[in-house]
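> I have a structure I would like to understand better, so I am pasting it below and will then ask my questions one at a time.
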Amino acid sequence: MGNYATPGVYIEEVSSGPRPIQAVGTRTAGFVGQIAKHKKPAKEAEVFNSYRQFLTRFPEVKEAPNDLSRSVRGFFENGGGRCWVADVGETGEVDREGERFGLSLFNAIDEIAIVAAPGFTTAAAYDAVRAHCERLRDRVGILDGPKDVEPRDIERLTRAIQDAPPPRRAAAAAPDAGDGDGDPAPSGSKKGGLRPSDSDRGFVTTYFPWLLVRDPGSKEAVLAPPAGHIAGVWARTDALRGVHKAPANEPVLGTTGLAYDVTAQEQEILNPVGVNCIRFFARGGVLVWGARTLSADPQWRYLNVRRLFCMIEESIITSTRWVVFEPNDERLWKALKRDVSAFLRLLWRDGALMGRTPDESFYVKCDYDTNTPEDIDAGRVVVEVGIAPVKPAEFIVFRISQSEPGGSASEGEGGGEGGGEA
């Protein structure tokens, strides 16, 4: 209330109460890689809004394309609109302890929601990406599968993933290891990096096989790691459907084929251990045919669930900073419950949450049960949120049986209009 001394008309601007929670972006990618072997590592990550802009900044990749440049191109070809690039230069490493280098250049860039190190398939690189994403908890990493694989390597790759010790941090990553039969394991299956883990909450995922793309100079087909193209597919799916939609059964653009044609029988081996396959279908072309993380925890098995939670958590954190240092009383609790509930209700309307009504989809609790006197004395406000995410229909089952002409199927059988004639 102002201090009014002179008669007249005065205007005061007051808050309307609700503070809408805005959903954070999920489509910005961060790529770590090597522009040229003779260059020193970059001290800062650089942002690009088109592949043309990337080529203007790094004209040397026009004459000598590499895994990073092909991945950036694939990202934009598949619907990506913005990415950050960290050049590791002559080192050829993804990360280093105690330095602002490689992945660590992304630490302060909140808009990054997708992380990849295209072409790096060592256990150390895998574990560095995993550690980065698990530490920041607002992004998901894409790991490239092995580059060169023969048909006999599929089962060996699966065994290498299943039999590997639990993931360790990059500084303690295991060296190259064989598969136990005396033969070297396929590239990328080094122990320590790809194995699903119960402690992993789904912050990394992997795709196989590599892609065939056309080289701009020679016009010949060359191999490219899938991470960049897949990141573009994620961005495109987020824009068209939302982050809650699994980025699968989607075409991979800018490819001429695959380095290895995965069969349905081979995917039966790879899918249960979290390897997302990219497959060619005669009527669909090259499609992403998997949407799992590398978590062994069923709650975090599906990629869209993990990314939805990342978005919700980051959105709430970003939009509720006004709460800090506010009086910790019932008015604050009601305001928090109101704003979070309104945000989740919008997600439910968009189809991101399961349930026929908002009450079946989520709950928000912030009262004396969640905020005890001890919590208040410690300066804490505790809001309990429960969410029912939509999970993908991964296995579609049609039960079809025969029925007599003019007859009806018995109850519980898949006859009727869907049944065939004898």
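The values are calculated or read from the model by the stated rules, or taken from the named source; none is laboratory data. This is a predicted model, so every value here is computed, not measured. All Cβ positions, even for glycine, are placed from backbone atoms using ideal geometry, and neighbour counts span all protein chains on display.
> With (1) over 26 Å from V252 (Cβ atoms); (2) touching an Asp or Glu at 6+ places or on another chain (Cβ under 6 Å) as the list, and D95 as the residue in question, which single condition is left unmet?
The one condition D95 does not meet is (2).
> May I pose another question? Conditions first: (1) more than 30 Å from L344 (Cα to Cα); (2) surrounded by 17 or more Cβ atoms within 10 Å (Cβ to Cβ); (3) touching a residue at least 40 places away in the same chain (Cβ under 8 Å). Y51 passes all but one, so which condition is the exception?
It is condition (3) that Y51 fails.
> Right, something else. Taking R73 as the residue in question, decide whether it is farther than 30 Å from Q265 by Cβ, crowded, with 22+ Cβ neighbours inside 10 Å, modelled with pLDDT of 95 or more and of a type in the set (K, R).
yes
> For segment 1-41, which residues satisfy the criterion of being crowded, with 18+ Cβ neighbours inside 10 Å, assigned to a loop (DSSP other than H, G, I, E, B) and either of a type outside the set (A, V, I, L, M, F, W, C) or over 25 Å from the mean Cα position of the chain (by Cα) (or both)?
G25, T26, R27, Q34, P41
> Among the residues of segment 401-421, is any at pLDDT 85 or above, in a loop (DSSP other than H, G, I, E, B) and not small (G, A, S)?
No, the conditions are met nowhere in segment 401-421.
> From the list A36, A42, A64, A23, which one is out of contact with any Pro (no Cβ under 7 Å at 6 or more places or on another chain) and outside the structural domain of I114 (by TED's automatic domain parsing)?
A23
> Then there's this: Report the residue count in segment 43-54 for those that are over 13 Å from I112 (Cα atoms) and in contact with a helix residue (DSSP H, G or I) (Cβ under 7 Å, 6 or more places away or on another chain).
So the answer is 4.
> Related question: Return only the number of the condition from (1) buried (at least 18 other Cβ atoms within 10 Å of the Cβ); (2) at pLDDT below 95 that P225 does not satisfy.
The failed condition is (2).
> Given the conditions (1) surrounded by 20 or more Cβ atoms within 10 Å (Cβ to Cβ); (2) at pLDDT below 50; (3) within 25 Å of D297 (Cβ to Cβ), and given that R168 satisfies all but one, which numbered condition is not satisfied?
(1)
> Which one is farthest from N66 (Cα to Cα), of the residues in segment 220-256 that are among the β-branched types (V, I, T) and not in a strand (DSSP E or B)?
Selected residue: V243.
> Moving on. Within segment 292-310, which residues are over 23 Å from I269 (Cβ atoms) and in contact with a Leu (Cβ under 9 Å, 6 or more places away or on another chain)?
Matches in segment 292-310: L308 only.
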